[in-house]
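The values are calculated or read from the model by the stated rules, or taken from the named source; none is laboratory data. In this text the structure is predicted, and so the values were computed from the model without any measurement. Here the Cβ is made from the backbone with ideal geometry for all residues, glycine too, and neighbour counts use every protein chain on show. Protein only, heavy atoms only, side chains kept; ligands, DNA and RNA dropped before computing areas. Shrake-Rupley method; radii C 1.70, N 1.55, O 1.52, S 1.80 Å.
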Amino acid sequence: MIYFFADDHYNAHCGKTIFEHLFPERKAQITFVENDWTLLESGSWLDDCELLILNLIGTTCNLPHPGPGAEKAVRSYCERGGNMLLLHGSSAAFWQWDWWRKIVGFRWVRPGDPDGVAASTHPVKPYEVRLCKVRHPLAEKLIPFSLGTDEIYTELEQVSPAVILMDTKIEEGVYPQCFENVTPWGGTFLSFLPGHSPAETAGKDLIANIETMIDYLLKGK
């Protein structure tokens, strides 16, 4: 089973939009939950979880940061080498947990960061997501694509080694948009940043890339 936890991301419903546009056979594999951490806190999802997908940022959308039950469960999942797909700003899903901030490759930094790091930014404009020159199994499978006016996540902090698979070049600079890192316990995290507005998040190529990443992460299990 795949578990997919999301917030509504300021009523943009990015995670829900992605879930609804996945292949029907994929959706049948997924338990999707939006704006409710009860299942996450319970830890009951650990029993049959093959892959954890997140599209959330802790303390946003008038929701509490996931609490001690969620931390115990997520830590247990990580320590058994569990794989994750972190969508949009999900490197900050659990930003209040010290250990989490250190294992996500590049992290979206919230205002008032506990480590005193300057906040990340998201200019809003059309942009292109490019394939990087990298030797990686996903390099020949991911699809470069364009987005209309939408958030572009920039100025993340690198906290652990990562392989950058896709990036974007805008006036402000070149910024990673998809990357892989390995946790201290051997699990694979794939982070995929593009997609805020419903119109852009539902894009055919964006969804195809997410399907490819899910296949890749499941194959590793």
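Note that region 175-190 has calculated 3J(HN,Hα) couplings of 9, x, 10, 8, 8, 10, 9, 10, 6, x, 9, x, x, 9, 10, 10 Hz, one per residue in order, obtained from phi through the Karplus relation 6.51 cos²θ - 1.76 cosθ + 1.60 (θ = phi - 60°); glycine and proline are x. The H on the amide N of Gly105, modeled in the peptide plane, is under 5 Å from the matching H of Val159, Ser160, each at least 5 residues off or on a different chain. Could you pull out every residue, at least 5 positions away or on a different chain, whose amide H is within less than 5 Å of the one on Leu51? Hs are placed 1.01 Å off N in the peptide plane, and Pro or chain starts have none. Under 5 Å from the amide H of Leu51: Tyr3. Accessible area per residue for region 112-221, computed on protein heavy atoms with a 1.4 Å probe, is 48 Å². When each of the peptides 39-51, 74-86 is scored by how many other beta carbons lie within 10 Å of its residues on average, the order from highest to lowest is 74-86, 39-51.
The distance separating the Cα centre of region 16-64 from that of region 89-112 comes to 18 Å.
Please report, as a whole percent, how much of the solvent-accessible surface of region 113-221 comes from carbon and sulfur atoms (probe radius 1.4 Å).
Details: 2760 of 5230 Å².
The nonpolar share, carbon plus sulfur, comes to 53 percent.
Shown in residue order for region 61-73 are the 3J(HN,Hα) couplings computed by the Karplus curve 6.51 cos²θ - 1.76 cosθ + 1.60 at θ = phi - 60°: 6, 6, 10, x, 5, x, x, x, x, 5, 4, 4, 5 Hz (x for Gly and Pro).
Within region 114-207, the GluC sites (Glu not before Pro) that combine a DSSP coil assignment with at most 15 other C-beta atoms in a 10 angstrom radius are Glu140, Glu171, Glu172. For the peptides 65-71, 5-11, the ranking by packing is 5-11, 65-71, with the highest mean count of neighbouring Cβ atoms within 10 Å listed first. For Phe145, nonlocal amide neighbours, meaning residues 5 or more places apart or on other chains whose placed amide H falls under 5 Å from its own, are Val129. Whole-Hz Karplus values for region 8-14 come out as 7, 6, 6, 6, 7, 6, 4 Hz, taken residue by residue from phi with 6.51 cos²θ - 1.76 cosθ + 1.60 and θ = phi - 60°; glycine and proline positions read x.
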